[in-house]
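The values are calculated or read from the model by the stated rules, or taken from the named source; none is laboratory data. Worth saying up front: this structure is predicted, and the values here are computed from it rather than measured. So basically every Cβ, Gly included, is an ideal-geometry build from the backbone, and we count neighbours across all protein chains shown. We work out accessible area using only protein heavy atoms, side chains counted, and drop any ligands, DNA or RNA first. Shrake-Rupley method; radii C 1.70, N 1.55, O 1.52, S 1.80 Å.
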Amino acid sequence: MSLNAQPAASLFIDGRPVEGEGALLPVHYPYTGEEIASLRQASAAQVAAACRAAARAQPAWAALAPVERARVLSRAAALIRERNEELSRLETLDTGKPIQETLVADWESGAQALEFFAGLGPTVTGQMIPLGRDWAYTRREALGVCAGIGAWNYPSQIACWKAAPALIMGNAMVFKPSEETPLGALKLAGILAEAGLPAGIFSVVQGRAEVGAALVADPHVAKVSLTGSVPTGRRVYAAAAEGMRHVTMELGGKSPLIVFEDAELEDAVGAAILANFYSSGQICSNGTRVFLQDRIRQPFLDRLTERLRQIRIGDPLDPDTQLGPIVSPAQAAQIRQAIAAGQAAGARLVCGGAGEGAFVPPTVFADATDDMAITRDEIFGPVMTTLAFEDEEEAIRRANATGFGLAAGVFTRDLARAHRVVARLEAGTCWINAYNLTPVEMPFGGTKLSGIGRENSAAAIEHYSQLKSVYVGMGAVEAPY
Ligand code: NAD
C-alpha cells in the first residue's frame, strides 16, 4: 500500500495549483514517521499574490445573489461526501488519527458546515428602521479578504468551518493550514473550485509562523480567524490590531468536567473518555480537569480504568483501531514531559504513562491538586487529571480558577443544579450530561484566554460580515443656515 500523498503542487492560488517558492516542508505519517509528501512553503511574494487575487475577485463574488453562492457550497458538500473515504484516508495520513474517527468526524463535519451555511446564508437580511417621514435600513455586508490560519488537530474541519461562513457572506479567504498537516486544505481548495467557486476566492498558502505572520499583516486582509494556542493567539491578535482587523480566536483550554455523585456513572465515564482520549486527546475543548465529588470518585476511577483497558491502540488505518499515534515526535515529547512532571509533583498515576515511540496511552492522574502543572497547563494529549471535591460551591470556584474559558461539562441527574452550575461556569461552550459534541447548529468558542468570537451557527455570520446603516431622506432637507 502506497503512502505517497504528494499533491499536484504545494499551494493553491487564484484558482490553480502553484508550487511554493519557499523552504521545503516535509509531511510525515505520524504512525510510521515516513515522509508521505514534500511541500514547499509560500514566499512572501506568493502570500501577497494570493491576497491580491482575493481582493480582485471578492467584489464580484459578493455581488452575486446569496443563493448563487449557496449553490457552490452545497455542491462542495456533496463532493466531499462522495469522496469521504479517500479524503478521510488522507486525513489519517496527515494527522495519524484513526480512520474510524476521520470517516465520521473530520470531513463529514466540514460538509455539514458547508451545507448549513449554504442554507442559512440566503436567509440573512437587514433591518428596516422607521423614523417618521424618513427611514433607515441596514445591510449585512462582506468584510472583504479574510485570513484563515489552522491548527493540526482537525485540519480539514477547521478549513471548512472557517471557509463556509466566510464564503457564504461574500468574503474571499486565504487559508494557511498548520505546517504539520498541510494536505486537507489543498483538497478543499480543489473541491471548491470544482464546485464552481471563482478563482481567487479560496486560496491556500503553506508555511510556518512567518508565513502566517505575513498573511495577517497583508494590507488586503480585513479579518483574521485563527485556531491555535494562546501564545500564538496573543501574537496574531496584536498583529491584527495594527490594521484594526476583525478577529476570531479559537484557542486552547483546560476545561473542567464536573461529576456530581448523583450522576449516571456509565455516562459520566463515557463522556470523560470522549473528553480526554478521542483524537489521542488532541482536542482544544477537552475536559482535562475532571472534578469528582467524593462518593463517586472511586467507582468512577474503577470503571474508567476498566473501560480504558479495552481500548485498541495501533495502526490508524486499521478500522478497529481506537487510539492512534501523537501527531509528531515533538508533541509526544511534550506530553511525556507533562506526565513526568505530574508524577514528580506527587499525583498518582492510575493508568497509562509515557508509552513508546509515537504512542502515548490513555493516562489518568488521581490525587492531583489545583496548583500542579498537570492541572493548570494545556497538555494537548491523552492525559486526564482527576480532582476531588466536596460541594457545588467549591466545584464552581475551582473549575473557574483558570485563565482559560473554552468549555465545561456537568454531570448530574439534578437538572436544576445542572443549569445553576452551568450558568456560573466561565466557559464559552458547555455541556450538561454530554461532552465534546459540537454540532454546526450550536455556537462554538471560548471566553477569557480561550478566545474571541464564535464558529458555527448563526453567530458565525456576524463574525464574517459587518453592518452598514443607510439613512434614507424622504423630503426637503432643512439646514439651519
Ligand atoms: P499553534 O498556535 O502552534 O499554531 C496554530 C497556527 O498558527 C499554525 O498554522 C501556525 O503555523 C500558525 N502561527 C504560529 N505563529 C504564528 C504567527 N506569529 N502569526 C501567524 N500565524 C502563526 O497551535 P497548534 O500547535 O497547531 O495547535 C494546538 C493548539 O490549538 C492548542 O492550544 C489547541 O487548544 C488549539 N486549538 C483550538 C481550537 C479551538 O477551536 N478553540 C481547535 C483546535 C486547536
Any idea which of (1) over 19 Å from TRP152 (Cβ atoms); (2) near the ligand (Cβ under 9 Å from one of its atoms) is the one GLU210 doesn't satisfy? (1)
Helices (runs of 4 or more DSSP H) completely within segment 34-102 that count 2 or more residues being buried (at least 21 other Cβ atoms within 10 Å of the Cβ) and hydroxyl-bearing (Ser, Thr, Tyr): 84-95
Go through (1) modelled with pLDDT under 95; (2) in a strand (DSSP E or B) and name the single condition ALA388 misses. (1)
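Condition test on LEU226, is it over 16 Å from the mean Cα position of the chain (by Cα) and either within 8 Å of the ligand (Cβ to nearest atom) or among the basic types (Lys, Arg) (or both)?
Judged against the criteria, LEU226 is not a match.
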If you scan segment 238-249, which residues turn out to be open to solvent by less than 20 Å² (accessible area, probe 1.4 Å) and part of a helix (DSSP H, G or I)? ALA240
Consider segment 199-217. How many of its residues are farther than 25 Å from LEU73 by Cα and in a loop (DSSP other than H, G, I, E, B)? 2
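Conditions (1) among the charged types (D, E, K, R); (2) in contact (Cβ under 8 Å) with a residue 40 or more places away in the chain; (3) within 12 Å of the ligand (Cβ to nearest atom); (4) in the same structural domain as ALA163 (by the TED database), marked per residue:
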| site | (1), (2), (3), (4) |
| --- | --- |
| LEU437 | no, no, no, no |
| VAL440 | no, yes, no, no |
| GLY445 | no, yes, yes, no |
| HIS463 | no, yes, no, yes |
As an exercise: evaluate ALA408 against (1) touching a helix residue (DSSP H, G or I) at 6+ places or on another chain (Cβ under 9 Å); (2) assigned to a strand (DSSP E or B); (3) open to solvent by 10 Å² or more (accessible area, probe 1.4 Å) and give the number of the one condition it does not meet. (3)
Helices (runs of 4 or more DSSP H) wholly inside segment 250-365 that include at least 2 residues being over 30 Å from GLY33 (Cα atoms) and among the acidic types (Asp, Glu): 265-274, 294-309
Restricting to segment 281-314, and then to whatever is within 21 Å of TYR154 (Cβ to Cβ) and away from the ligand (no atom under 16 Å from the Cβ), can you tell me which residue is least open to solvent (accessible area, probe 1.4 Å)? ILE311
Just to verify a result, which residue in segment 135-184, among those that are crowded, with 24+ Cβ neighbours inside 10 Å and β-branched (Val, Ile, Thr), is nearest to the ligand (Cβ to nearest atom)? ILE149
I'd like to verify a number: residues in segment 193-237 that are open to solvent by 40 Å² or more (accessible area, probe 1.4 Å) and either at pLDDT below 95 or among the charged types (D, E, K, R) (or both), how many? 5
